[in-house]
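Report on the structure given below.
The values are calculated or read from the model by the stated rules, or taken from the named source; none is laboratory data. Computed from a prediction, not measured in an experiment: that's the story for all the values here. Cβ placement follows ideal geometry from the backbone for every residue including glycine, while neighbour counts extend to all protein chains displayed.
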Amino acid sequence: MKDRMRSVFRSQPLFPPMPSADLDSGRFATAVASLEVRKRRFILAEDVRRGAQWDKLAEDEEIVAEFVAPGHLRLHRKPDIQPAMLSAERRIKERMSDPAEQEVALQTLRDRYHSADFVPSDRYRIELREESVLAFLGDKDHPQSVKIFLQVGEKAIDLLTHEVRMERLKQFSV
């Protein structure tokens with residue numbers, strides 16, 4: 001039985017190789033970008049743009065940067081995230097009767113989402129607001145440019161610092 005199991009496992013790799021198109025483009029597209037810290041901007045890689053279907057966005061498309069956790073931002077097209085933002089605001093107003101608590105909750109909700117500039121005419125540049133960069137990188141000194149990891153998600157693009165990406169890879173290893 002053991003010999004038979006060994007031959008089965010030897011003959012079939014546990015994780016069969018996948019064509020690179022499945023991993024490097026479309027739904028699973030990833031890339032590394034350089035975030036210019038002082039200018040708060042980076043270039044959105046072509047594979048990521050295509051995978052998120054942002055390659056045909058208009059010059060005036062509104063983008064929202066959502067703070068997920070330290071070292072993790074998520075970029076959304078405003079029409080995709082606005083219903084969730086409005087729903088969260090309604091829930092706060094309906095469930096919190098204390099005006100002071102409601103105000104703090106609404107301020108916190110608004111601080112979670114900030115607009116970002118999308119400039120397709122400048123190599124598909126994304127420019128974040130200072131509040132987003134501070135939440136993303138923290139307030140420690142950074143070099144002029146920081147490498148960030150981009151990954152296409154469900155109707156969004158995740159931005160991860162190297163540390164958060166490595167933690168995710170460890171946490172979800174198979």
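Within segment 41-69, the set of residues being at pLDDT below 95 and not hydrophobic (A, V, I, L, M, F, W, C) comprises Glu46, Asp47, Arg49, Arg50, Gly51, Gln53, Asp55, Lys56, Glu59, Asp60, Glu61, Glu62.
Would you mind stating whether Asp111 is over 20 Å from Arg49 (Cα atoms) and over 19 Å from the mean Cα position of the chain (by Cα)? The answer is no for Asp111. As a summary of the residue check, Glu36 satisfies the conditions (1) among the charged types (D, E, K, R); (2) exposed (fewer than 12 other Cβ atoms within 10 Å of the Cβ); (3) at pLDDT 95 or above except for the one numbered (2).
Among the conditions (1) modelled with pLDDT of 95 or more; (2) in a helix (DSSP H, G or I), the only one that Leu73 does not satisfy is (2).
If I ask for residues that are surrounded by 10 or more Cβ atoms within 10 Å (Cβ to Cβ) and not small (Gly, Ala, Ser), which ones from segment 96-106 would you list? So that I can check it myself, show each step before the final result.
Of the residues in segment 96-106, the ones surrounded by 10 or more Cβ atoms within 10 Å (Cβ to Cβ) are 96, 101-106.
Scanning segment 96-106 gives Met96, Glu101, Gln102, Glu103, Val104, Leu106.
Just wondering, is there one or more residues in segment 76-89 that are in a loop (DSSP other than H, G, I, E, B) and either surrounded by 13 or more Cβ atoms within 10 Å (Cβ to Cβ) or in contact with a helix residue (DSSP H, G or I) (Cβ under 7 Å, 6 or more places away or on another chain) (or both)? Scanning segment 76-89 turns up no residue that is in a loop (DSSP other than H, G, I, E, B) and either surrounded by 13 or more Cβ atoms within 10 Å (Cβ to Cβ) or in contact with a helix residue (DSSP H, G or I) (Cβ under 7 Å, 6 or more places away or on another chain) (or both).
Within segment 59-82, residues that are more than 12 Å from Ile126 (Cα to Cα) reach partners that are of a type in the set (A, V, I, L, M) and in a helix (DSSP H, G or I) with beta carbons closer than 6 Å, at six or more positions or on different chains, in the pairs Phe67/Ala135; Gly71/Val164; His72/Val164.
Kindly indicate the residue of segment 77-101 that is among the polar types (S, T, N, Q) and modelled with pLDDT of 95 or more and also nearest to Glu154 (Cα to Cα) among those meeting that condition.
So in segment 77-101, the residues among the polar types (S, T, N, Q) come out as 82, 87, 97.
This time we only want the ones that are modelled with pLDDT of 95 or more, so: 82, 87.
Values: Gln82: 15, Ser87: 19 Å.
By that ranking, first place goes to Gln82.
Report yes if some residue within segment 108-129 is in a helix (DSSP H, G or I), surrounded by 14 or more Cβ atoms within 10 Å (Cβ to Cβ), touching a residue at least 40 places away in the same chain (Cβ under 8 Å) and on the phi < 0 side of the Ramachandran plot; otherwise report no. Within segment 108-129 (the criterion being in a helix (DSSP H, G or I), surrounded by 14 or more Cβ atoms within 10 Å (Cβ to Cβ), touching a residue at least 40 places away in the same chain (Cβ under 8 Å) and on the phi < 0 side of the Ramachandran plot), the answer is yes, since at least one residue qualifies. Criterion first (surrounded by 12 or more Cβ atoms within 10 Å (Cβ to Cβ), in contact with a helix residue (DSSP H, G or I) (Cβ under 8 Å, 6 or more places away or on another chain) and under 23 Å from Val164 (Cα atoms)) does Glu62 satisfy it? No; evaluated as a whole, the condition is false for this residue. Within the set of pairs 6+ apart or on separate chains, which have a first residue in segment 157-174 that is touching a residue at least 12 places away in the same chain (Cβ under 8 Å), a second that is basic (Lys, Arg), and C-beta atoms under 9 Å apart? Final answer for the pair search is Ile157/Arg49; Ile157/Arg74; Asp158/Arg74; Leu159/Arg74; Leu160/Arg168; Thr161/Lys147; His162/Lys147. Note on segment 88-123: residues that are charged (D, E, K, R) and within 30 Å of Ala58 (Cβ to Cβ) total 8.
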